[in-house]
1. With the checklist (1) in contact with a Lys or Arg (Cβ under 9 Å, 6 or more places away or on another chain); (2) assigned to a strand (DSSP E or B) in hand, flag the one item Ala97 doesn't pass.
2. Just checking, does the stretch 30-49 include any residue being under 28 Å from Phe106 (Cα atoms), open to solvent by 20 Å² or more (accessible area, probe 1.4 Å) and at pLDDT below 95?
3. Out of the stretch 76-99, which residues are of a type in the set (A, V, I, L, M, F, W, C) and either without any contact (Cβ under 8 Å) to a residue 12 or more places away in the chain or over 13 Å from Leu4 (Cα atoms) (or both)?
4. What number of residues within the stretch 22-41 satisfy the criterion of being closer than 16 Å to Thr118 by Cα and among the hydroxyl-bearing types (Ser, Thr, Tyr)?
5. Give the residue, chosen from Leu4, Leu85, Leu20, Leu80, that is in contact with a Cys (Cβ under 6 Å, 6 or more places away or on another chain), surrounded by 17 or more Cβ atoms within 10 Å (Cβ to Cβ) and on the phi < 0 side of the Ramachandran plot.
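The values are calculated or read from the model by the stated rules, or taken from the named source; none is laboratory data. Here the structure is a predicted model, which is why all the values come from computation and not from measurement. Here the Cβ is made from the backbone with ideal geometry for all residues, glycine too, and neighbour counts use every protein chain on show. Surface accessibility is based on the protein's heavy atoms, side chains included, excluding ligands, DNA and RNA. Shrake-Rupley method; radii C 1.70, N 1.55, O 1.52, S 1.80 Å.
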Amino acid sequence: QVQLVESGGGLVQPGGSLRLSCAASGSISSINTMDWYRQAPGKQRELVAGITSGGITTYADSVKGRFTISRDNAKNTVYLQMNSLKPEDTAVYYCNAGMIGLGQVFETEYWGQGTQVTVSS
């Protein structure tokens, strides 16, 4: 069973930092793009950052210069380093990845369970 498990959320003061991790596990043949999304109360889920298997990154304008996405392909893990956090960054953060399971041909999209990030004094 292929799954994504996030960790690293919590409560932090404005200006603080957090690092989120998302590990893929199971019978995986390959992992393509890995992304972080977030959803604040009453708002739609939005793309925060993404990284291809080759390391090409993309960021939402609202987090550019503050957040850094990276991945360790050997560990099937993607990270999101969040610095200079603002109250408006408060949301549930979800990991998303396109993966091909062992013996499979087509890519399937997987989601993690989400981790809460709260930025408040």
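1. Of everything listed in (1) in contact with a Lys or Arg (Cβ under 9 Å, 6 or more places away or on another chain); (2) assigned to a strand (DSSP E or B), Ala97 misses just condition (1).
2. yes
3. Matches in the stretch 76-99: Leu80, Met82, Leu85, Ala91, Val92.
4. 1
5. Only one candidate passes the filter, namely Leu4.
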